[in-house]
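The values are calculated or read from the model by the stated rules, or taken from the named source; none is laboratory data. In this text the structure is predicted, and so the values were computed from the model without any measurement. Cβ sites come from the backbone with ideal geometry, for glycine too, and all protein chains shown count toward neighbours. Heavy atoms of the whole protein, side chains included, go into the accessibility calculation; ligands, DNA and RNA do not. Shrake-Rupley method; radii C 1.70, N 1.55, O 1.52, S 1.80 Å.
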2 protein chains.
Amino acid sequence: MPLRELQYPAEPYSRVNRLRDRGDYTLETIHQIVNSCPMLHVSFQPPNSPFPAVLPMIGQMGSFTRPSADLGDVLDLYLHGYVSSRIMNLTRSPNSQEQEGLPVTVAASHLDGLVLALTPNSHSYNYRSAVLFGHATLVTDTAEKLYAMELITNSVVPNRWSNSRVPPNAAEMQSTSVLKVKINTGSAKIRTGGPHDERGDMEDEGLLDWVWTGVVPVYTVMGEPIAGGYNRVGEVPGYLESWRQEANQGAEEYAKEAVGREVAKKTGE
Amino acid sequence: MPLRELQYPAEPYSRVNRLRDRGDYTLETIHQIVNSCPMLHVSFQPPNSPFPAVLPMIGQMGSFTRPSADLGDVLDLYLHGYVSSRIMNLTRSPNSQEQEGLPVTVAASHLDGLVLALTPNSHSYNYRSAVLFGHATLVTDTAEKLYAMELITNSVVPNRWSNSRVPPNAAEMQSTSVLKVKINTGSAKIRTGGPHDERGDMEDEGLLDWVWTGVVPVYTVMGEPIAGGYNRVGEVPGYLESWRQEANQGAEEYAKEAVGREVAKKTGE
């Protein structure tokens, strides 16, 4: 435990209002949720659209200026995308370059369990969710772009970057864009534990004898790798296979252990 | 296959521009992705906030006026939430009631596989993602609210509603809000298949001999149910256990079979 645990400021737009005791503002908690999420949901308001845009994207937090920074430090979020896409064009428009960049909100959510109580209203999920608010700009520095591409590739499969053909050639560098989101603030919300019910239901003996209550743990599994049509490498490489098995074990353990950890102080969700 | 397959109109804000052949506008495809997603990401622009809001929510599509409607029909999206929360207050404000409701964008995304190619730039995901654009209003009719609560509860675990204490009492009806989103339009984007690489890499014999290429299938698993502290029902009920096993099998099969289905006509991601 560090002496000083950095926290994001609770702004009106980021504060956890409902079930406040589930809120968490520490950088380490939030960055951990984001960096372990294989798909982020990135939202922004395009001009002339009646609706906000929401894009599923791949992203990872890191520090180009201090690559050894850990999860509890101030980090930037790097998002992977395409030159032609709408979000990229918006961050490139004069409007957002004059200012700090395009305002974006990024959500990362993990479902950890179905919490089944005596009555539907007390049902809940165990989950970890984080949301970050910041300004997105295009990364133009080649070294920083390469740093982010490696960071993002290795977030999908650790060590994949150095175990595939790199560096990207000129056409690839040209066609791939990386967005950097400078974070203003963020928050996380976490639920663990078993079901909770209201007193009226807890005192109903017939109900207690009839309704099964508990948690169905939910976790993501990576199955046996399936070789592609032009694969020539006989065995699945160790860096991939050992990571896959560890990640599977870790995901299952988290979901199961979360059931025993009572964090929420209030009943129901 | 119905004679006439309904499609959502491709509006400027909903059109799939990048990798157009992965786009799908049929109601059935989009509704199927949404209804099988345990966590939706709901975005809207709060007044006086520099950033859009993104909330993970539970939701389900259905038709109150025609409950027997199937996935390919015109449906509404029902979202479960809390009276006190920001989105509920916004849909209740005079501003949005005078108009059609609060403009919201809802994203549903499934990750189905990690697609590992010869070079990081050709890496991809197999996935199914859908996005819906519409206007949210509070459901005030009691019968419709009950319909939506049952629909949403049974989307988490089929038949759970009738196997727990219902109907909700007055306090529960009061404290729970349901949002109804009238859909303007939507779109889906789906990738299946194995890796694709650029010709330059495919002709590099040394690279082909060195880099493993293929797909790591990814799917969600529901583990053995864990009884809660006050559970008295000895055996996990059949409606829960048989559904859990079928759902697990279906999820694993989808992710594995997706590898063999080549939909994308273009290379790369």
**OP:** Considering (1) within 14 Å of chain A (Cβ to nearest Cβ); (2) over 19 Å from the mean Cα position of the chain (by Cα); (3) among the aromatic types (F, W, Y), say which one B:F64 fails and leave the rest.
**Re:** (1)
Original post:
Considering only residues of region B:150-207 that are acidic (D, E) and over 25 Å from A:S164 (Cβ atoms), which is modelled with the lowest pLDDT?
Top reply: B:E172
Original post:
(1) over 18 Å from B:Y78 (Cβ atoms); (2) among the charged types (D, E, K, R); (3) within 20 Å of the chain's Cα centre (by Cα): which one isn't true of B:R165, the others all being true?
Top reply: (3)
Original post:
When you look at B:S85, is it modelled with pLDDT under 95, open to solvent by less than 50 Å² (accessible area, probe 1.4 Å), within 23 Å of A:C37 (Cβ to Cβ) and among the small types (G, A, S), yes or no?
Top reply: yes
Original post:
Among (1) over 30 Å from A:V211 (Cα atoms); (2) buried (at least 24 other Cβ atoms within 10 Å of the Cβ), where does A:S124 come up short?
Top reply: (1)
Subject >> Residues satisfying the stated conditions in region A:179-195, i.e. open to solvent by 10 Å² or more (accessible area, probe 1.4 Å), closer than 21 Å to B:P38 by Cα and either more than 27 Å from the chain's Cα centre (by Cα) or of a type in the set (A, V, I, L, M, F, W, C) (or both) >> reply: A:I190
Subject >> Members of region A:32-77 that are open to solvent by less than 30 Å² (accessible area, probe 1.4 Å) and free of Cβ contacts under 8 Å to residues at least 24 places away in the same chain >> reply: A:M39, A:S49, A:F51, A:P52, A:V54, A:S63, A:A69
Original post:
Is at least one residue of region A:233-243 surrounded by fewer than 14 Cβ atoms within 10 Å (Cβ to Cβ), polar (S, T, N, Q) and not in a strand (DSSP E or B)?
Top reply: yes
Original post:
Only one of (1) closer than 30 Å to B:R165 by Cα; (2) touching a Leu at 6+ places or on another chain (Cβ under 6 Å) fails for A:N126. Which number is that?
Top reply: (2)
Subject >> Among (1) in contact with a Ser or Thr (Cβ under 8 Å, 6 or more places away or on another chain); (2) closer than 21 Å to A:S129 by Cα; (3) modelled with pLDDT of 95 or more, the one test that A:Y230 misses >> reply: (2)
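Okay, residues lined up against (1) touching a Gly at 6+ places or on another chain (Cβ under 7 Å); (2) at pLDDT below 95:
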site	(1), (2)
A:M61	no, no
A:F64	no, no
A:T91	yes, yes
A:L114	no, no
A:A117	no, no
A:F133	yes, no
Original post:
Here are some residues: B:G250, B:G214. Which one is open to solvent by less than 50 Å² (accessible area, probe 1.4 Å), at pLDDT 95 or above and touching a Leu at 6+ places or on another chain (Cβ under 8 Å)?
Top reply: B:G214
**OP:** Pull up region B:30-59, narrow it to residues that are of a type in the set (G, A, S) and in a loop (DSSP other than H, G, I, E, B), then point me to the one that is modelled with the lowest pLDDT.
**Re:** B:S49
**OP:** Please specify each residue of region A:143-194 satisfying the condition of being β-branched (V, I, T), out of contact with any strand residue (DSSP E or B) (no Cβ under 8 Å at 6 or more places or on another chain) and over 21 Å from B:R18 (Cα atoms).
**Re:** A:V166
**OP:** Inspect all residues belonging to region A:201-209 and state whether any of them is in contact (Cβ under 8 Å) with a residue 12 or more places away in the chain and open to solvent by 30 Å² or more (accessible area, probe 1.4 Å).
**Re:** yes
Subject >> Lone unmet requirement of (1) open to solvent by 20 Å² or more (accessible area, probe 1.4 Å); (2) closer than 24 Å to B:M57 by Cβ; (3) in contact with a strand residue (DSSP E or B) (Cβ under 7 Å, 6 or more places away or on another chain); (4) not hydrophobic (A, V, I, L, M, F, W, C) for A:D21 >> reply: (3)
